[in-house]
1. Rounding to the nearest 10 and keeping the result within 0 to 90°, find how far the Cα-based axis of helix 491-521 lies from the longest principal axis of the chain.
2. In the stretch 1-117, what is the count of Lys pairs whose alpha carbons are under 28 Å apart, counting only pairs at least 8 residues apart or on separate chains?
3. In the stretch 264-412, how many lysine pairs have Cα atoms under 21 Å apart, counting only pairs 8 or more places apart or on different chains?
4. What angle, in degrees between 0 and 90 and rounded to the nearest 10, separates the Cα long axis of helix 271-282 from the longest principal axis of the Cα atoms of the chain?
5. Please list, by residue number, everything in the stretch 474-504 whose backbone N is under 20 Å from a paramagnetic label point 7 Å out along Cα→Cβ of Ser463.
6. Counting only C-alpha contacts under 8 Å and six or more residues apart, can you give the relative contact order of the stretch 289-390 as a whole percent?
7. Probe 1.4 Å, all protein chains in place: accessible area of Cys262 in Å², nearest 10?
8. Would you mind working out the accessible area per residue for the chain, using a 1.4 Å probe, and quoting it in Å²?
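The values are calculated or read from the model by the stated rules, or taken from the named source; none is laboratory data. A quick note: this is a predicted structure, and the numbers were derived from the prediction, not measured. Cβ sites come from the backbone with ideal geometry, for glycine too, and all protein chains shown count toward neighbours. These accessible areas exclude ligands, DNA and RNA; they are computed on the full protein's heavy atoms, side chains included. Shrake-Rupley method; radii C 1.70, N 1.55, O 1.52, S 1.80 Å.
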Amino acid sequence: MAAKTDKRVIVFDTTLRDGEQSPGASMNLTEKLEVARALELLGVDVIEAGFPITSPDDFEAVRAIARHVSRPAVCGLARCVPLDIDRAAEAVLHAKHPRIHVFLATSKIHRQYKLRKARGEILRLAVEGVRRAKAAVCDVQFSPEDAARTEPEFLARVVEAVIDSGATTVNIPDTVGWATPEGFHALIDYLFDRVPNISKTVIAIHCHDDLGMAVANTLAAVQAGARQVEVTINGIGERAGNAALEEVVMAFKTRPDAFGGCATGIKTELLHVTSRLVSRVTGLAVARNKSVVGENAFAHEAGIHADGVLKKRTTYEIMDPKSVGLAKSKLVLGKHSGRHQFRQRLKELGFRLTHKDVDTLFFGAFKELADRKKEVFDEDIVALVESEIVRQPETWRLCGFQVATGTGGMPTATVELEERATGRRLRDAATGDGPVDAIFRAFERLTGVTLKLEDYQIRSVTSGKEAQGEVRLEARRGDRLISARGVSTDILEASAKAYLGAINRLVARKKVTKGKARRARR
Ligand code: KIV
Ligand code: ZN
(Lines give C-alpha, C1' and ligand atoms only; values in the text may rest on other atoms or scores of the structure.)
(Ligands and ions follow the chains in the order given, each with its own letter.)
Protein backbone atom coordinates (compact mmCIF):
# COMPACT_ATOMS: atom_id res chain seq x y z
CA MET A 1 0.00 0.00 0.00
CA ALA A 2 1.24 3.47 -0.68
CA ALA A 3 0.28 6.54 1.28
CA LYS A 4 0.08 9.96 -0.31
CA THR A 5 3.14 10.92 1.67
CA ASP A 6 5.34 8.09 0.36
CA LYS A 7 8.12 9.32 -1.88
CA ARG A 8 8.69 6.12 -3.81
CA VAL A 9 6.73 5.91 -7.08
CA ILE A 10 6.19 2.45 -8.57
CA VAL A 11 7.05 2.19 -12.27
CA PHE A 12 4.67 -0.11 -14.14
CA ASP A 13 5.98 -0.56 -17.65
CA THR A 14 3.48 -1.53 -20.34
CA THR A 15 5.79 -1.32 -23.39
CA LEU A 16 5.19 -5.01 -24.05
CA ARG A 17 1.39 -4.74 -23.81
CA ASP A 18 -0.02 -1.26 -24.55
CA GLY A 19 3.22 -0.35 -26.35
CA GLU A 20 2.91 -3.37 -28.56
CA GLN A 21 -0.57 -2.18 -29.54
CA SER A 22 1.08 0.64 -31.56
CA PRO A 23 0.39 -0.01 -35.22
CA GLY A 24 3.39 -1.82 -36.71
CA ALA A 25 5.07 -2.43 -33.36
CA SER A 26 4.56 -6.15 -32.91
CA MET A 27 7.53 -8.01 -31.47
CA ASN A 28 8.45 -11.67 -31.64
CA LEU A 29 9.22 -13.77 -28.57
CA THR A 30 12.99 -13.29 -28.70
CA GLU A 31 12.53 -9.54 -28.98
CA LYS A 32 10.04 -9.44 -26.12
CA LEU A 33 12.41 -11.37 -23.90
CA GLU A 34 15.22 -9.00 -24.77
CA VAL A 35 13.06 -6.00 -23.93
CA ALA A 36 11.88 -7.63 -20.68
CA ARG A 37 15.48 -8.23 -19.59
CA ALA A 38 16.36 -4.64 -20.45
CA LEU A 39 13.40 -3.39 -18.41
CA GLU A 40 14.53 -5.48 -15.47
CA LEU A 41 18.03 -3.99 -15.70
CA LEU A 42 16.53 -0.53 -16.06
CA GLY A 43 14.83 -1.04 -12.70
CA VAL A 44 11.11 -1.04 -13.49
CA ASP A 45 8.93 -2.48 -10.70
CA VAL A 46 6.26 -4.18 -12.80
CA ILE A 47 6.39 -5.46 -16.37
CA GLU A 48 3.01 -5.79 -18.07
CA ALA A 49 4.09 -8.53 -20.43
CA GLY A 50 0.97 -8.98 -22.56
CA PHE A 51 -2.70 -9.85 -22.84
CA PRO A 52 -2.61 -13.66 -22.71
CA ILE A 53 -6.13 -14.42 -23.97
CA THR A 54 -5.62 -12.51 -27.23
CA SER A 55 -3.38 -15.05 -28.97
CA PRO A 56 -1.22 -18.11 -28.30
CA ASP A 57 1.82 -15.93 -29.09
CA ASP A 58 0.84 -13.42 -26.41
CA PHE A 59 0.25 -16.19 -23.90
CA GLU A 60 3.67 -17.76 -24.62
CA ALA A 61 5.38 -14.39 -24.37
CA VAL A 62 3.90 -13.64 -20.94
CA ARG A 63 4.76 -17.14 -19.76
CA ALA A 64 8.35 -16.93 -21.02
CA ILE A 65 8.87 -13.49 -19.46
CA ALA A 66 7.41 -14.75 -16.17
CA ARG A 67 10.08 -17.45 -16.12
CA HIS A 68 12.95 -15.23 -17.22
CA VAL A 69 12.79 -12.13 -15.06
CA SER A 70 13.03 -12.29 -11.31
CA ARG A 71 13.06 -8.86 -9.67
CA PRO A 72 10.04 -7.07 -11.18
CA ALA A 73 6.48 -8.34 -10.88
CA VAL A 74 5.21 -9.82 -14.15
CA CYS A 75 1.68 -8.90 -15.04
CA GLY A 76 -0.85 -10.32 -17.51
CA LEU A 77 -3.90 -8.34 -18.63
CA ALA A 78 -7.44 -9.76 -18.60
CA ARG A 79 -10.97 -8.50 -19.14
CA CYS A 80 -13.41 -9.22 -16.32
CA VAL A 81 -14.22 -12.50 -18.03
CA PRO A 82 -13.46 -15.85 -16.32
CA LEU A 83 -11.64 -17.32 -19.34
CA ASP A 84 -9.41 -14.25 -19.69
CA ILE A 85 -8.54 -14.26 -16.01
CA ASP A 86 -7.75 -17.99 -15.93
CA ARG A 87 -5.53 -17.65 -18.99
CA ALA A 88 -3.68 -14.69 -17.44
CA ALA A 89 -3.26 -16.66 -14.21
CA GLU A 90 -1.79 -19.60 -16.12
CA ALA A 91 0.59 -17.31 -18.01
CA VAL A 92 2.04 -15.62 -14.90
CA LEU A 93 2.03 -18.81 -12.82
CA HIS A 94 5.82 -19.20 -12.76
CA ALA A 95 6.64 -15.57 -12.11
CA LYS A 96 8.46 -14.86 -8.86
CA HIS A 97 6.03 -11.98 -8.34
CA PRO A 98 2.89 -12.64 -10.41
CA ARG A 99 0.24 -9.98 -10.96
CA ILE A 100 -3.10 -10.09 -12.78
CA HIS A 101 -4.52 -6.86 -14.16
CA VAL A 102 -8.27 -6.97 -14.76
CA PHE A 103 -10.10 -4.15 -16.47
CA LEU A 104 -13.67 -3.17 -17.24
CA ALA A 105 -15.00 0.02 -18.79
CA THR A 106 -16.99 2.25 -16.44
CA SER A 107 -17.77 5.41 -18.43
CA LYS A 108 -21.31 6.07 -19.59
CA ILE A 109 -20.42 5.95 -23.27
CA HIS A 110 -18.67 2.59 -22.90
CA ARG A 111 -21.45 1.19 -20.69
CA GLN A 112 -24.16 2.21 -23.13
CA TYR A 113 -22.60 1.50 -26.50
CA LYS A 114 -19.78 -0.98 -26.04
CA LEU A 115 -20.93 -3.14 -23.13
CA ARG A 116 -24.65 -2.42 -23.08
CA LYS A 117 -24.67 -2.86 -19.32
CA ALA A 118 -26.14 -0.86 -16.47
CA ARG A 119 -24.09 0.50 -13.56
CA GLY A 120 -25.15 -2.31 -11.19
CA GLU A 121 -23.96 -4.98 -13.57
CA ILE A 122 -20.63 -3.22 -14.13
CA LEU A 123 -20.10 -3.12 -10.37
CA ARG A 124 -20.94 -6.81 -10.03
CA LEU A 125 -18.63 -7.86 -12.89
CA ALA A 126 -15.76 -5.75 -11.56
CA VAL A 127 -16.06 -7.32 -8.11
CA GLU A 128 -16.34 -10.85 -9.52
CA GLY A 129 -13.35 -10.26 -11.80
CA VAL A 130 -11.15 -9.08 -8.94
CA ARG A 131 -12.27 -11.98 -6.73
CA ARG A 132 -11.49 -14.56 -9.41
CA ALA A 133 -8.04 -13.06 -10.02
CA LYS A 134 -7.44 -12.91 -6.27
CA ALA A 135 -8.13 -16.62 -5.98
CA ALA A 136 -5.17 -17.17 -8.32
CA VAL A 137 -2.62 -14.55 -7.17
CA CYS A 138 -2.25 -12.12 -4.27
CA ASP A 139 -1.27 -9.15 -6.39
CA VAL A 140 -4.35 -7.97 -8.31
CA GLN A 141 -4.74 -4.71 -10.18
CA PHE A 142 -8.07 -3.35 -11.36
CA SER A 143 -8.60 -0.66 -14.03
CA PRO A 144 -11.95 1.06 -14.63
CA GLU A 145 -11.34 1.66 -18.34
CA ASP A 146 -12.09 5.23 -19.50
CA ALA A 147 -12.06 6.36 -15.86
CA ALA A 148 -11.30 9.94 -16.88
CA ARG A 149 -14.74 10.15 -18.55
CA THR A 150 -16.59 8.19 -15.86
CA GLU A 151 -19.03 10.01 -13.54
CA PRO A 152 -16.78 10.65 -10.47
CA GLU A 153 -19.30 9.38 -7.91
CA PHE A 154 -19.80 6.09 -9.82
CA LEU A 155 -16.04 5.77 -10.25
CA ALA A 156 -15.62 6.17 -6.47
CA ARG A 157 -18.18 3.39 -5.86
CA VAL A 158 -16.35 1.03 -8.24
CA VAL A 159 -12.97 1.82 -6.69
CA GLU A 160 -14.29 1.19 -3.17
CA ALA A 161 -15.92 -2.10 -4.20
CA VAL A 162 -12.82 -3.50 -5.94
CA ILE A 163 -10.60 -2.56 -2.98
CA ASP A 164 -13.02 -4.43 -0.70
CA SER A 165 -12.73 -7.40 -3.05
CA GLY A 166 -8.93 -7.47 -2.75
CA ALA A 167 -7.49 -5.20 -5.45
CA THR A 168 -3.99 -4.27 -4.29
CA THR A 169 -3.62 -1.61 -7.00
CA VAL A 170 -6.38 0.45 -8.59
CA ASN A 171 -5.40 2.13 -11.79
CA ILE A 172 -7.21 5.22 -13.07
CA PRO A 173 -6.81 5.23 -16.85
CA ASP A 174 -7.31 8.14 -19.18
CA THR A 175 -7.96 5.67 -21.97
CA VAL A 176 -8.66 8.19 -24.71
CA GLY A 177 -6.30 11.00 -23.71
CA TRP A 178 -9.14 13.29 -22.74
CA ALA A 179 -7.98 14.58 -19.37
CA THR A 180 -6.18 17.81 -18.52
CA PRO A 181 -3.59 18.07 -15.73
CA GLU A 182 -5.87 20.20 -13.56
CA GLY A 183 -8.89 17.96 -14.11
CA PHE A 184 -6.95 14.78 -13.49
CA HIS A 185 -5.42 16.18 -10.30
CA ALA A 186 -8.95 17.05 -9.13
CA LEU A 187 -10.23 13.55 -9.95
CA ILE A 188 -7.48 11.84 -7.93
CA ASP A 189 -8.11 14.32 -5.07
CA TYR A 190 -11.81 13.44 -5.25
CA LEU A 191 -11.08 9.71 -4.99
CA PHE A 192 -8.79 10.24 -2.00
CA ASP A 193 -11.62 12.21 -0.35
CA ARG A 194 -14.54 9.94 -1.18
CA VAL A 195 -13.22 6.37 -1.11
CA PRO A 196 -13.05 5.36 2.58
CA ASN A 197 -10.78 2.31 2.06
CA ILE A 198 -8.40 3.97 -0.42
CA SER A 199 -5.40 3.68 1.88
CA LYS A 200 -5.57 -0.12 1.50
CA THR A 201 -4.49 0.09 -2.14
CA VAL A 202 -2.00 1.78 -4.46
CA ILE A 203 -3.54 4.33 -6.79
CA ALA A 204 -2.04 4.13 -10.27
CA ILE A 205 -2.52 6.23 -13.38
CA HIS A 206 -2.35 5.32 -17.04
CA CYS A 207 -2.52 8.20 -19.50
CA HIS A 208 -2.78 8.27 -23.28
CA ASP A 209 -1.32 11.06 -25.35
CA ASP A 210 -4.09 12.01 -27.79
CA LEU A 211 -3.81 15.68 -26.84
CA GLY A 212 -0.13 15.53 -25.97
CA MET A 213 -0.83 15.70 -22.23
CA ALA A 214 -0.10 12.14 -21.10
CA VAL A 215 3.08 13.00 -19.20
CA ALA A 216 1.61 16.20 -17.72
CA ASN A 217 -1.50 14.30 -16.58
CA THR A 218 0.62 11.53 -15.07
CA LEU A 219 2.71 14.02 -13.12
CA ALA A 220 -0.38 15.91 -11.94
CA ALA A 221 -1.87 12.66 -10.63
CA VAL A 222 1.32 11.92 -8.71
CA GLN A 223 1.12 15.39 -7.16
CA ALA A 224 -2.39 14.45 -6.05
CA GLY A 225 -1.26 11.20 -4.42
CA ALA A 226 -1.06 8.47 -7.08
CA ARG A 227 1.97 6.29 -6.48
CA GLN A 228 2.16 4.02 -9.53
CA VAL A 229 2.83 5.41 -13.01
CA GLU A 230 1.94 3.33 -16.05
CA VAL A 231 4.33 4.19 -18.82
CA THR A 232 6.08 2.92 -21.92
CA ILE A 233 9.57 3.36 -23.32
CA ASN A 234 9.57 6.14 -25.93
CA GLY A 235 5.88 6.70 -25.13
CA ILE A 236 4.77 4.07 -27.64
CA GLY A 237 1.25 2.71 -27.32
CA GLU A 238 -2.26 2.64 -28.70
CA ARG A 239 -2.91 5.56 -31.14
CA ALA A 240 -0.79 8.55 -30.03
CA GLY A 241 0.81 6.41 -27.34
CA ASN A 242 1.18 6.38 -23.56
CA ALA A 243 3.09 8.56 -21.13
CA ALA A 244 6.80 8.12 -21.83
CA LEU A 245 8.72 6.41 -19.02
CA GLU A 246 11.88 8.43 -19.62
CA GLU A 247 10.04 11.76 -19.45
CA VAL A 248 8.14 10.97 -16.25
CA VAL A 249 11.22 9.56 -14.53
CA MET A 250 13.46 12.47 -15.53
CA ALA A 251 10.83 14.99 -14.43
CA PHE A 252 11.02 13.54 -10.90
CA LYS A 253 14.80 13.47 -10.98
CA THR A 254 15.26 16.96 -12.40
CA ARG A 255 12.49 18.73 -10.48
CA PRO A 256 12.26 17.19 -6.99
CA ASP A 257 11.01 20.61 -5.83
CA ALA A 258 7.92 20.33 -8.04
CA PHE A 259 7.07 16.74 -7.18
CA GLY A 260 7.62 16.66 -3.43
CA GLY A 261 10.82 14.65 -3.78
CA CYS A 262 9.04 11.72 -5.43
CA ALA A 263 11.49 9.28 -6.97
CA THR A 264 11.59 5.98 -8.83
CA GLY A 265 14.01 3.08 -8.78
CA ILE A 266 14.98 3.61 -12.42
CA LYS A 267 18.68 3.54 -13.34
CA THR A 268 18.46 6.58 -15.55
CA GLU A 269 21.87 5.97 -17.17
CA LEU A 270 20.23 3.04 -18.98
CA LEU A 271 17.41 5.13 -20.47
CA HIS A 272 19.10 5.84 -23.76
CA VAL A 273 20.19 2.30 -24.48
CA THR A 274 16.73 0.95 -23.54
CA SER A 275 15.05 3.52 -25.77
CA ARG A 276 17.24 2.46 -28.70
CA LEU A 277 16.50 -1.19 -28.05
CA VAL A 278 12.74 -0.62 -28.11
CA SER A 279 13.00 1.53 -31.21
CA ARG A 280 15.06 -1.15 -32.93
CA VAL A 281 12.82 -4.11 -32.12
CA THR A 282 9.56 -2.29 -32.83
CA GLY A 283 10.85 -0.42 -35.88
CA LEU A 284 9.31 2.77 -34.43
CA ALA A 285 11.81 5.57 -34.86
CA VAL A 286 12.34 8.07 -32.04
CA ALA A 287 11.76 11.63 -33.24
CA ARG A 288 14.95 13.68 -33.29
CA ASN A 289 13.40 16.28 -31.00
CA LYS A 290 11.90 13.73 -28.56
CA SER A 291 12.44 14.78 -24.93
CA VAL A 292 15.21 12.99 -23.01
CA VAL A 293 16.12 10.33 -25.60
CA GLY A 294 15.83 12.10 -28.98
CA GLU A 295 18.96 12.75 -31.00
CA ASN A 296 18.59 16.51 -30.60
CA ALA A 297 17.65 16.45 -26.91
CA PHE A 298 21.16 17.59 -25.95
CA ALA A 299 22.29 19.20 -29.21
CA HIS A 300 22.88 22.94 -29.21
CA GLU A 301 22.66 24.63 -32.58
CA ALA A 302 22.39 28.32 -31.83
CA GLY A 303 25.79 29.97 -31.31
CA ILE A 304 24.73 31.67 -28.09
CA HIS A 305 23.51 28.37 -26.65
CA ALA A 306 26.59 26.40 -27.68
CA ASP A 307 28.82 29.10 -26.24
CA GLY A 308 26.83 29.12 -23.00
CA VAL A 309 27.08 25.34 -22.61
CA LEU A 310 30.82 25.42 -23.16
CA LYS A 311 31.18 28.04 -20.43
CA LYS A 312 28.79 26.37 -18.00
CA ARG A 313 26.79 23.31 -19.06
CA THR A 314 23.77 24.17 -16.93
CA THR A 315 23.18 27.49 -18.72
CA TYR A 316 21.18 25.61 -21.34
CA GLU A 317 21.14 21.97 -20.15
CA ILE A 318 18.81 21.08 -17.28
CA MET A 319 19.82 17.41 -17.35
CA ASP A 320 23.31 15.98 -17.63
CA PRO A 321 23.42 13.88 -20.85
CA LYS A 322 25.45 11.29 -18.90
CA SER A 323 22.56 10.86 -16.46
CA VAL A 324 20.43 9.42 -19.28
CA GLY A 325 23.29 7.37 -20.70
CA LEU A 326 24.11 9.62 -23.58
CA ALA A 327 27.81 9.60 -24.27
CA LYS A 328 28.95 12.57 -26.31
CA SER A 329 29.55 11.50 -29.89
CA LYS A 330 33.22 11.24 -30.60
CA LEU A 331 35.55 9.56 -32.99
CA VAL A 332 36.28 6.39 -31.13
CA LEU A 333 37.71 3.70 -33.29
CA GLY A 334 39.31 3.04 -36.63
CA LYS A 335 40.70 0.14 -38.58
CA HIS A 336 43.70 -0.21 -36.29
CA SER A 337 41.59 -0.50 -33.15
CA GLY A 338 41.85 -3.82 -31.38
CA ARG A 339 39.37 -6.18 -29.78
CA HIS A 340 39.98 -4.82 -26.31
CA GLN A 341 39.20 -1.23 -27.35
CA PHE A 342 36.10 -2.40 -29.21
CA ARG A 343 34.83 -4.39 -26.20
CA GLN A 344 35.51 -1.48 -23.88
CA ARG A 345 33.54 0.93 -26.09
CA LEU A 346 30.61 -1.49 -26.31
CA LYS A 347 30.53 -1.66 -22.55
CA GLU A 348 30.58 2.12 -22.25
CA LEU A 349 27.70 2.30 -24.72
CA GLY A 350 25.62 0.10 -22.44
CA PHE A 351 25.76 -3.26 -24.25
CA ARG A 352 26.16 -6.24 -22.01
CA LEU A 353 27.73 -8.84 -24.25
CA THR A 354 29.96 -11.82 -23.59
CA HIS A 355 33.53 -11.81 -24.97
CA LYS A 356 32.53 -14.73 -27.17
CA ASP A 357 29.59 -12.81 -28.67
CA VAL A 358 31.72 -9.74 -29.26
CA ASP A 359 34.37 -11.82 -30.99
CA THR A 360 32.13 -14.05 -33.06
CA LEU A 361 29.25 -11.74 -33.90
CA PHE A 362 30.55 -8.21 -33.98
CA PHE A 363 34.30 -7.82 -34.24
CA GLY A 364 34.54 -9.03 -37.85
CA ALA A 365 31.67 -6.75 -38.88
CA PHE A 366 33.33 -3.84 -37.10
CA LYS A 367 36.62 -4.43 -38.95
CA GLU A 368 34.74 -4.60 -42.24
CA LEU A 369 33.00 -1.32 -41.42
CA ALA A 370 36.27 0.31 -40.40
CA ASP A 371 37.71 -0.67 -43.78
CA ARG A 372 34.77 0.88 -45.63
CA LYS A 373 34.58 3.94 -43.45
CA LYS A 374 37.71 5.51 -42.03
CA GLU A 375 36.13 7.03 -38.96
CA VAL A 376 33.90 4.88 -36.79
CA PHE A 377 31.67 6.85 -34.41
CA ASP A 378 29.60 5.71 -31.44
CA GLU A 379 26.44 5.83 -33.57
CA ASP A 380 28.07 3.49 -36.12
CA ILE A 381 28.91 0.98 -33.41
CA VAL A 382 25.39 1.14 -31.97
CA ALA A 383 23.85 0.66 -35.44
CA LEU A 384 26.14 -2.26 -36.19
CA VAL A 385 25.48 -4.10 -32.95
CA GLU A 386 21.76 -3.42 -33.04
CA SER A 387 21.33 -4.80 -36.54
CA GLU A 388 23.08 -8.02 -35.49
CA ILE A 389 21.31 -8.44 -32.13
CA VAL A 390 17.81 -8.49 -33.53
CA ARG A 391 18.52 -10.37 -36.66
CA GLN A 392 15.32 -12.26 -37.42
CA PRO A 393 15.29 -16.00 -37.86
CA GLU A 394 16.30 -15.87 -41.51
CA THR A 395 14.50 -17.89 -44.14
CA TRP A 396 16.55 -16.12 -46.80
CA ARG A 397 19.98 -14.51 -46.56
CA LEU A 398 21.15 -11.79 -48.88
CA CYS A 399 24.25 -12.99 -50.74
CA GLY A 400 24.58 -10.02 -53.06
CA PHE A 401 22.98 -7.75 -55.61
CA GLN A 402 23.81 -5.62 -58.60
CA VAL A 403 21.91 -2.66 -59.89
CA ALA A 404 22.02 -0.89 -63.24
CA THR A 405 20.40 2.51 -63.14
CA GLY A 406 20.68 6.00 -64.55
CA THR A 407 18.58 8.64 -66.27
CA GLY A 408 16.63 7.54 -69.29
CA GLY A 409 16.98 3.75 -68.80
CA MET A 410 14.93 1.21 -66.91
CA PRO A 411 16.52 0.47 -63.49
CA THR A 412 17.30 -3.24 -63.20
CA ALA A 413 18.38 -5.25 -60.16
CA THR A 414 19.84 -8.74 -60.00
CA VAL A 415 19.75 -10.28 -56.54
CA GLU A 416 21.09 -13.50 -55.09
CA LEU A 417 19.64 -15.11 -51.96
CA GLU A 418 20.47 -18.22 -49.98
CA GLU A 419 17.60 -20.36 -48.76
CA ARG A 420 18.84 -21.03 -45.22
CA ALA A 421 17.13 -24.39 -44.71
CA THR A 422 18.68 -26.00 -47.79
CA GLY A 423 21.70 -23.82 -48.54
CA ARG A 424 20.37 -23.43 -52.11
CA ARG A 425 21.32 -20.22 -53.87
CA LEU A 426 18.67 -18.46 -55.93
CA ARG A 427 19.18 -15.64 -58.37
CA ASP A 428 16.71 -13.49 -60.30
CA ALA A 429 16.37 -10.02 -61.80
CA ALA A 430 13.61 -7.44 -62.05
CA THR A 431 13.06 -3.93 -63.30
CA GLY A 432 11.39 -1.19 -61.29
CA ASP A 433 10.52 2.48 -61.04
CA GLY A 434 13.89 3.09 -59.43
CA PRO A 435 16.80 0.99 -58.14
CA VAL A 436 15.17 0.37 -54.74
CA ASP A 437 11.91 -0.71 -56.35
CA ALA A 438 13.82 -3.02 -58.71
CA ILE A 439 15.57 -4.72 -55.75
CA PHE A 440 12.27 -5.16 -53.92
CA ARG A 441 10.62 -6.66 -56.98
CA ALA A 442 13.50 -9.10 -57.48
CA PHE A 443 13.06 -10.25 -53.86
CA GLU A 444 9.37 -10.75 -54.46
CA ARG A 445 10.04 -12.89 -57.51
CA LEU A 446 12.50 -15.08 -55.59
CA THR A 447 10.58 -15.48 -52.33
CA GLY A 448 7.02 -15.37 -53.66
CA VAL A 449 6.21 -12.86 -50.88
CA THR A 450 4.62 -9.60 -51.98
CA LEU A 451 4.39 -6.75 -49.51
CA LYS A 452 2.72 -3.37 -49.82
CA LEU A 453 5.25 -0.72 -48.84
CA GLU A 454 3.51 1.78 -46.56
CA ASP A 455 6.44 3.82 -45.32
CA TYR A 456 10.10 4.13 -46.32
CA GLN A 457 12.52 6.46 -44.57
CA ILE A 458 16.21 6.92 -44.95
CA ARG A 459 18.55 8.83 -42.69
CA SER A 460 22.21 9.19 -42.14
CA VAL A 461 23.54 7.55 -38.95
CA THR A 462 26.32 10.13 -38.57
CA SER A 463 27.42 13.13 -40.60
CA GLY A 464 29.85 13.06 -43.53
CA LYS A 465 29.85 11.57 -47.01
CA GLU A 466 31.04 8.19 -45.75
CA ALA A 467 28.24 7.98 -43.18
CA GLN A 468 26.14 4.84 -42.91
CA GLY A 469 22.56 5.10 -44.12
CA GLU A 470 19.72 3.67 -42.05
CA VAL A 471 16.55 2.60 -43.81
CA ARG A 472 13.38 2.01 -41.83
CA LEU A 473 10.29 0.77 -43.55
CA GLU A 474 6.79 -0.43 -42.85
CA ALA A 475 5.23 -2.98 -45.14
CA ARG A 476 1.81 -4.54 -45.08
CA ARG A 477 0.54 -7.97 -45.99
CA GLY A 478 -3.20 -8.32 -45.34
CA ASP A 479 -3.84 -7.05 -41.84
CA ARG A 480 -0.21 -7.43 -40.73
CA LEU A 481 1.97 -4.38 -40.63
CA ILE A 482 5.66 -5.21 -40.37
CA SER A 483 8.49 -2.85 -39.51
CA ALA A 484 12.08 -3.50 -40.45
CA ARG A 485 15.39 -1.72 -40.60
CA GLY A 486 18.68 -2.01 -42.49
CA VAL A 487 21.99 -0.21 -42.08
CA SER A 488 24.92 0.04 -44.47
CA THR A 489 27.35 2.53 -45.96
CA ASP A 490 25.49 1.79 -49.23
CA ILE A 491 21.89 2.99 -49.11
CA LEU A 492 20.76 0.42 -51.68
CA GLU A 493 22.19 -2.34 -49.49
CA ALA A 494 20.48 -0.79 -46.44
CA SER A 495 17.18 -0.82 -48.38
CA ALA A 496 17.72 -4.42 -49.48
CA LYS A 497 18.48 -5.54 -45.90
CA ALA A 498 15.39 -3.77 -44.56
CA TYR A 499 13.04 -5.24 -47.17
CA LEU A 500 14.43 -8.76 -46.86
CA GLY A 501 14.19 -8.34 -43.07
CA ALA A 502 10.48 -7.57 -43.44
CA ILE A 503 9.97 -10.66 -45.62
CA ASN A 504 11.87 -12.87 -43.14
CA ARG A 505 9.89 -11.42 -40.25
CA LEU A 506 6.60 -12.14 -41.97
CA VAL A 507 7.57 -15.69 -42.86
CA ALA A 508 8.97 -16.44 -39.37
CA ARG A 509 5.77 -15.18 -37.76
CA LYS A 510 3.64 -17.32 -40.03
CA LYS A 511 5.65 -20.44 -39.18
CA VAL A 512 5.28 -19.86 -35.43
CA THR A 513 1.56 -19.25 -35.71
CA LYS A 514 1.02 -22.32 -37.89
CA GLY A 515 3.08 -24.52 -35.54
CA LYS A 516 1.07 -23.36 -32.56
CA ALA A 517 -2.22 -23.90 -34.35
CA ARG A 518 -1.18 -27.45 -35.16
CA ARG A 519 -0.23 -28.13 -31.54
CA ALA A 520 -3.47 -26.62 -30.31
CA ARG A 521 -5.56 -28.87 -32.58
CA ARG A 522 -3.88 -32.04 -31.30
O1 KIV B 1 -5.94 2.65 -21.81
C2 KIV B 1 -6.50 1.84 -21.06
O3 KIV B 1 -7.56 2.07 -20.48
C4 KIV B 1 -5.85 0.54 -20.90
C5 KIV B 1 -6.41 -0.33 -19.81
C6 KIV B 1 -6.36 -1.76 -20.17
C7 KIV B 1 -5.72 -0.03 -18.54
O8 KIV B 1 -4.87 0.25 -21.54
ZN1 ZN C 1 -3.93 2.08 -22.43
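1. 50 degrees
2. Lysine pairs, 8 or more places apart or on different chains, close enough: 4.
3. Count of close lysine pairs: 29.
4. Its long axis makes an angle of about 70 degrees.
5. The answer is 489.
6. Computed value for the stretch 289-390: 24 percent relative contact order.
7. 10 Å²
8. Result: 45 Å² of accessible area for each residue.
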